[in-house]
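One structure is given here, and the rest of the page talks about it.
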Amino acid sequence: MAKFELKLPKMGESVAEATITSWLKDVGDTIESDEAVLEIATDKVDSEVPSEVDGVLVEKLFNVDDVVQVGQTLAVIEIEGGDTVEVKAAEPEPAAELEAPKAVAEVAQTVVAAKTSVEPVISSEDRFYSPLVKNIAKQEGISQSELDAIPGTGKDNRVTKNDIKAYLESRGASPVQTTEPVLAKVEVPKTEPVIKQKTVAKAPVKHTEEKAIEKPISTSGDDEIIEMSRMGKLISKYMVDSIQTSAHVQSFIEADVTAIWNWRKKVKEDFMTREGENLTFTPIFMEAVTKALKEFPMMNISVQGDSIIKKRAINVGMAAALPDGNLIVPVIKNADQLNLFGMAKRVNDLATRARENKLAPDDIQGGTYTVTNVGTFGSIMGTPIINQPQVGILALGAIRKVPAVIEGPEGDYIGIRYRMFLSHSYDHRVVNGALGGQFVKYVKDYLESWDSSREI
């Protein structure tokens, strides 16, 4: 009998680790090829890890809530034939070296001295710390009480590598208030009261930290307190970060989509018969946005410091609602290389897998622009928040049947038309009103000039 090592697969360029949320198989269970063995969660999406072979699960190398690095062995599966492979529990990768921020250069010697006297941190019933976080805390001299005070963005408020890294970067400017601060070991001579007073005055200077302190809300016995879901916490953090990063501004325009409405009504039954799928308006809108991004490539950019990164690929994200009410943004990669038929197939595939919670981590990465359909819920327009690190997002309002002025060869008259609002949010740091307005007008013109004789 041979043994097969089930490893954590690569899940996209920016994903280096995942948290085990549940084991779907126990030791001794028979497993078939492609059958899910465990569930994992990254900071972007939840997914399953399937087995690559048929066999029997003989060993689990990690527990629920453990953080595992990409490429580490998760479990051992016994298979037929071959030589036995000796498998040892994978050691967590050492924490990456964190560059000391300039803000703490003056107290570097104090921090180094403090590291040697800090007791190792431990997990408790209220809070779990992964081996990676413990390792970083040990290396950086973070005490138990100091670590307990760091806000966690992981599952059940777990402190992630990014949380502890962010804390270290802001440590000197705005230390977390604890009962045992590391910098309390600094001894200031009594003969220099002016220096001591100056040091105390500088400590609490960080606006972002002050905003994070929430005033307690009074509750009564009739109120219900609901814990936010893991994804809800992540979305909340992403939205606040985006508002604090980009200077949001909006442009609105109304489009007449009567030609598209009538065309879809004419071809949707044939499409369903031929492909077994529904033809929605979404692929049409995604095609219009893709054409606009090719026409205005400075909307297909990201900002990094004082530099602008102009993206070659056009990867359009489409916000999709999940059964639990949260939103996720699967990405149509290389959208400019798809015709309308290919766009429709891709849209339906991503939307279906999003509803069934079957998206892979790579499905929601690499977006360069995003489209969200607020009209799905009856809204005629909206002011969406930019999906970082992009610089623009387009909201599609509900299609309404309205009376409108129509220009004819013999004069103007009133007629019934299908119209919708397009709401364009863009980052005013790098996108001015002219570019933002021209972009959304191009989308409007493309939709209004739809060829009613077009085939799909």
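The values are calculated or read from the model by the stated rules, or taken from the named source; none is laboratory data. Predicted model only: the values in this text are computed from it and were never measured. Heads up, the Cβs are rebuilt from the backbone with ideal geometry, glycines too, and the neighbour counts pull from every protein chain shown.
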- Checklist (1) crowded, with 20+ Cβ neighbours inside 10 Å; (2) charged (D, E, K, R); (3) at pLDDT below 95 applied to R355, failing item: (1)
- Among L435, L422, L396, which is under 22 Å from the mean Cα position of the chain (by Cα) and either under 30 Å from D270 (Cβ atoms) or modelled with pLDDT of 95 or more (or both)? L396
- Query: If you go through the range 288-297 one residue at a time, do you hit one that is buried (at least 16 other Cβ atoms within 10 Å of the Cβ), of a type outside the set (K, R) and either farther than 17 Å from N334 by Cα or not assigned by TED's automatic domain parsing to the domain that holds R419 (or both)?
  - Reply: no
- Query: Among the candidates A103, A173, A114, A108, which residue alone is of a type in the set (G, A, S), exposed (fewer than 13 other Cβ atoms within 10 Å of the Cβ), farther than 16 Å from D65 by Cα and modelled with pLDDT under 65?
  - Reply: A108
- Item | Candidates S218, S236 - the one that is in a loop (DSSP other than H, G, I, E, B) and not assigned by TED's automatic domain parsing to the domain that holds L396 | S218
- Task: Inspect all residues belonging to the range 440-451 and state whether any of them is over 30 Å from E269 (Cα atoms) and modelled with pLDDT of 95 or more.
- Result: yes
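Right, F296: out of contact with any Pro (no Cβ under 7 Å at 6 or more places or on another chain), of a type in the set (F, W, Y) and more than 24 Å from G375 (Cα to Cα) or not? Full working, then the answer.
Working: out of contact with any Pro (no Cβ under 7 Å at 6 or more places or on another chain): yes; of a type in the set (F, W, Y): yes; more than 24 Å from G375 (Cα to Cα): yes.
Yes: the conditions hold for F296.
Among the residues of the range 222-233, count how many are part of a loop (DSSP other than H, G, I, E, B) and either surrounded by 13 or more Cβ atoms within 10 Å (Cβ to Cβ) or modelled with pLDDT of 95 or more (or both).
Total satisfying the criteria: 1.
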- Task: Starting from residues that are buried (at least 17 other Cβ atoms within 10 Å of the Cβ) and polar (S, T, N, Q), keep the ones in the range 298-332 and report whichever is nearest to the chain's Cα centre (by Cα).
- Result: N315
